[in-house]
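One structure is given here, and the rest of the page talks about it.
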Amino acid sequence: MSVRASLFALCFLFAVPLAAFTHEQTLLEYADQCVREIGEIPPFNCNDGTDIPITIDGKPPGPSESPKRCDKPSLLNPTSEAKGQCIPFSKILNLSRGNTQISAYCRRDVLRGDNSQFYDLVVVVMHHSGNGKTCWFEAKAPPVSKSRADVPASSGIVATRVPPPNERKPPSGQPSAVEFWATPAAVASEKPTCVQCHDAGPFIFSPYIGQVWDKVPTDPWGKYSSIGQAFSSYHLMTMSTPGNTCIGCHRIGSEQSCTAFLGLSVGKLKAPGNDQLANSFPQNHWMPTDNAMSKEQWDKANVASVEALLACCNDPAHKDPNCTFTPIPSSPDKRSLR
């Protein structure tokens, strides 16, 4: 090749955007990165988890009842009605060890027996309480219905052996990680995204999950960032105002905390799936979590702080001098995609 041709080729190389030489991170690449920077997810059986209680006016539903309203509905979809918000026998598992915090949620959208092998959603949040790095995994939708709108009780995701996301060779007869888990790009593309809902930390309290909060790892003030190519665009901010009573136990984010969770937790919004009891005080005022105040006492202690935070939510340009927006502390991203 002539010198002129060589120089032309070199110029062409640098003219091509860097993105042209990258590829979408595969599930196994993402899982390998999560293992290196956070830890291993062991195989698990959803049926080993703890049932998340469902009650209606304080009582569990009948054995053949599929309620659409309950005292403490799931807030997986915090702003709209969703199938399965009050279906019994969804489960939570704490697979944590040391600094590696792992929470698995196995959801049922249709009524099945407590020990059925079938589920409609399996998600895992993995977080390192030291470096703050976090990974998100979600099972592929059941093949009969990607929308999970009409899944019969005799089908769904078989979750009696959920494979580690980095597993290459599963035991005979078991699904591989690639067969079971969605790609990180698919998980990151769902709206609202995992990170938008988990905008202040990796684990979210709600009345639903609060019933089994002792089975959920927590790290309310630690470092926090999502690793992986698909989640790299998120740079989360928290909000505060002078003397605010709402930020004493945890941070408050500026994404879905503004859109949904702040209003839901103080009775300004009604959660999809709420029954009459859930919409009444004190159950519709679930922050602070140990609320034993009267309505008058609660208002006196917290209304001004709530209103101040909502004002910050309505100040996207960050012009209000009373609002402080702070990036959540995180460890440097080494971009270790090898």
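The values are calculated or read from the model by the stated rules, or taken from the named source; none is laboratory data. Please read these numbers as outputs of a predicted model, since none were measured by experiment. Note that we place each Cβ from the backbone using ideal geometry, even for glycine, and neighbour counts take in every protein chain shown.
Side notes on the structure shown:
- Residue list for the stretch 315-333, filter: touching a helix residue (DSSP H, G or I) at 6+ places or on another chain (Cβ under 9 Å) and modelled with pLDDT of 90 or more: D320, N322, C323, T324, F325
- The stretch 110-155, residues that are at pLDDT below 95 and closer than 19 Å to S176 by Cβ: A141, P142, P143
- Residue list for the stretch 191-217, restricted to those being in contact with a strand residue (DSSP E or B) (Cβ under 8 Å, 6 or more places away or on another chain) and among the acidic types (D, E): D199
- The stretch 40-95, subset out of contact with any Phe, Trp or Tyr (no Cβ under 8 Å at 6 or more places or on another chain) and of a type in the set (D, E), residue surrounded by the most Cβ atoms within 10 Å (Cβ to Cβ): D71
- Conditions (1) under 20 Å from S265 (Cα atoms); (2) among the charged types (D, E, K, R); (3) in a helix (DSSP H, G or I): number failed by K72: (3)
- Of the residues making up the stretch 180-202, those that are closer than 17 Å to H235 by Cα, part of a loop (DSSP other than H, G, I, E, B) and not charged (D, E, K, R) number 6.
- Residue, nearest to G263 (Cα to Cα), within the stretch 191-231, restricted to residues that are free of Cβ contacts under 8 Å to residues at least 40 places away in the same chain and of a type in the set (D, E, K, R): K191
- Residue under evaluation C312, criteria (1) within 28 Å of K83 (Cα to Cα); (2) out of contact with any helix residue (DSSP H, G or I) (no Cβ under 6 Å at 6 or more places or on another chain); (3) touching a residue at least 24 places away in the same chain (Cβ under 8 Å), criterion not met: (1)
- Considering residues of the stretch 266-305 that are closer than 19 Å to I54 by Cα and in contact with a Phe, Trp or Tyr (Cβ under 7 Å, 6 or more places away or on another chain) only, the residue surrounded by the fewest Cβ atoms within 10 Å (Cβ to Cβ): T289
- The number of residues in the stretch 25-69 being assigned to a loop (DSSP other than H, G, I, E, B) and either farther than 21 Å from H127 by Cβ or not aliphatic (A, V, I, L, M) (or both) comes to 23.
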